[in-house]
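Report on one structure; see the data block that follows.
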Amino acid sequence: MRITHEADYAIRVTYYLAVTGEKQCAKDISESTGITLRFALKILRKLTKAGITKSYKGVSGGYELMRAPADISLGEIIECIDGPIAINHCLSNEFQCTCVGSRQECDFHRVFGKINRSLRDQLMAITMDRFVPADN
């Protein structure tokens, strides 16, 4: 599994909003994170749809975190951008295994499933407050 650039940027955006602790305009988010404004807006739409950020319209509009950094995990951010975490395509529901008749019979599927659950659990356990400096 490889985290996409978009998910990496979403983590940066969320981190920036966690550190600032207040509403920020998209332009400032873009400039501070090194993400183009167009791409930052795309990411912010997904973060808002997932309930991670809140958007404000109008002249004094912007974005802020919808929840405390302690309530937002790396796993949640990654999944809102990339979809469910899966280290192997055989873990997706759309995949039809050609190696065995049933996924339950496949040792590879069981091993990848166990590793995937562990990785997902670890990413879900790491919250954004871990990265925010203590003086914020």
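Since every read-out is calculated from the coordinates, none of them should be taken as a lab result. None of these values were measured; they are calculated from a predicted model. When we count neighbours, we look across all protein chains shown, and the Cβ atoms used for this are built from the backbone with ideal geometry, even at glycine.
Of note:
- Verdict on residue 55 being without any contact (Cβ under 8 Å) to a residue 40 or more places away in the chain and of a type in the set (Gly, Ala, Ser): yes
- Some residue of the stretch 42-59 being under 13 Å from the mean Cα position of the chain (by Cα) and closer than 17 Å to residue 126 by Cα: yes
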